[in-house]
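Here the structure is laid out as structure tokens; the discussion comes afterwards.
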Amino acid sequence: MRRPALALAAVALAVAGCGGGHKSTSGDSAAKARFIQQADAICAKGNQAISPYETKLSGLISSADSAKFFAQAPGLIRKATAVTRKYVDHLDAVPAPAGDKAKLDTWRAGVRRQVDLLDTTAEAIGAKDNQRVQAISNQVDKLNKQNNAFAKSYGMKACSETPG
């Protein structure tokens, strides 16, 4: 049952990521620095907002009460993804540097896909479909690693960490 907790943690900081370097003009560098500052502020707030859900989910897992876990975890995950979507919407509003728009749009789409998969995980937990939970959690973990690696390579800090 630990995988859903990892998936939830993954979404928490999935609220960020960008990628690799290109040669920038000083105007692009300033725009990139603004983007990083604003995105990291959003991610930090998002991480803080999601933390109570992660704590509650971890508590459910630690209790070893599977009936309680299967009854409550789907709702907690759905609430967490709703909060996460709000912060991803805020990230969408941050102007991307012109030269990085395509890769930032790709990253944001990856983050949204990760959140959508978490909702699917909640459905699978509610159906007590452990095999499906495991398969979806593996996809979420993979996306989380990609999103965080991209954020880190772009220069973001809060957006490249997975809270735990």
Subject >> the stretch 95-112, subset over 17 Å from the mean Cα position of the chain (by Cα) and aliphatic (A, V, I, L, M), residue nearest to residue 156 (Cα to Cα) >> reply: 96
Subject >> Total residues in the stretch 74-94, condition surrounded by fewer than 19 Cβ atoms within 10 Å (Cβ to Cβ), in contact with a Phe, Trp or Tyr (Cβ under 7 Å, 6 or more places away or on another chain) and either acidic (Asp, Glu) or in contact (Cβ under 8 Å) with a residue 40 or more places away in the chain (or both) >> reply: 1
Original post:
(1) at pLDDT 90 or above; (2) closer than 22 Å to residue 158 by Cα; (3) within 16 Å of the chain's Cα centre (by Cα): which one isn't true of residue 78, the others all being true?
Top reply: (2)
Original post:
Given (1) buried (at least 17 other Cβ atoms within 10 Å of the Cβ); (2) free of Cβ contacts under 8 Å to residues at least 24 places away in the same chain, where does residue 39 come up short, assuming only one miss?
Top reply: (2)
**OP:** Collect the residues in the stretch 135-164 that are assigned to a loop (DSSP other than H, G, I, E, B) and within 12 Å of the chain's Cα centre (by Cα), keeping them in residue-number order.
**Re:** 161, 162, 163
Original post:
Within the set of pairs 6+ apart or on separate chains, which have a first residue in the stretch 55-71 that is assigned to a helix (DSSP H, G or I), a second that is surrounded by fewer than 12 Cβ atoms within 10 Å (Cβ to Cβ), and C-beta atoms under 8 Å apart?
Top reply: 61/2; 69/63; 70/128
Original post:
Pick from the stretch 95-116 the residues that are under 19 Å from residue 149 (Cα atoms) and of a type in the set (A, V, I, L, M, F, W, C): which of them is surrounded by the most Cβ atoms within 10 Å (Cβ to Cβ)?
Top reply: 111
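Check whether at least one residue in the stretch 125-132 is among the aliphatic types (A, V, I, L, M), loosely packed, with under 14 Cβ neighbours inside 10 Å and either assigned to a loop (DSSP other than H, G, I, E, B) or touching a Cys at 6+ places or on another chain (Cβ under 8 Å) (or both), and report yes or no. Break it down into steps so the answer makes sense when it comes.
Applying the first criterion (among the aliphatic types (A, V, I, L, M)) to the stretch 125-132 yields 125, 127.
The next check asks that each one be loosely packed, with under 14 Cβ neighbours inside 10 Å; those that pass are 127.
Narrowing further to those that are either assigned to a loop (DSSP other than H, G, I, E, B) or touching a Cys at 6+ places or on another chain (Cβ under 8 Å) (or both): 127.
Checked against the condition, which is being among the aliphatic types (A, V, I, L, M), loosely packed, with under 14 Cβ neighbours inside 10 Å and either assigned to a loop (DSSP other than H, G, I, E, B) or touching a Cys at 6+ places or on another chain (Cβ under 8 Å) (or both), the stretch 125-132 yields at least one hit.
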**OP:** List every residue pair whose Cβ atoms sit under 8 Å apart, with the two residues 6 or more apart in sequence or on different chains, where the first one lies in the stretch 110-122 and is touching a residue at least 24 places away in the same chain (Cβ under 8 Å) and the second, anywhere, is buried (at least 18 other Cβ atoms within 10 Å of the Cβ) and not in a helix (DSSP H, G or I).
**Re:** 110/17; 111/15; 111/16; 111/17
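Does residue 6 qualify as being among the hydrophobic types (A, V, I, L, M, F, W, C) and at pLDDT below 85? Walk me through it before giving the result.
Values: among the hydrophobic types (A, V, I, L, M, F, W, C): yes; at pLDDT below 85: yes.
Here the answer is yes, as residue 6 does meet what is asked.
The values are calculated or read from the model by the stated rules, or taken from the named source; none is laboratory data. Keep in mind that what you see is a predicted model, and the values were worked out from it rather than measured. So basically every Cβ, Gly included, is an ideal-geometry build from the backbone, and we count neighbours across all protein chains shown.
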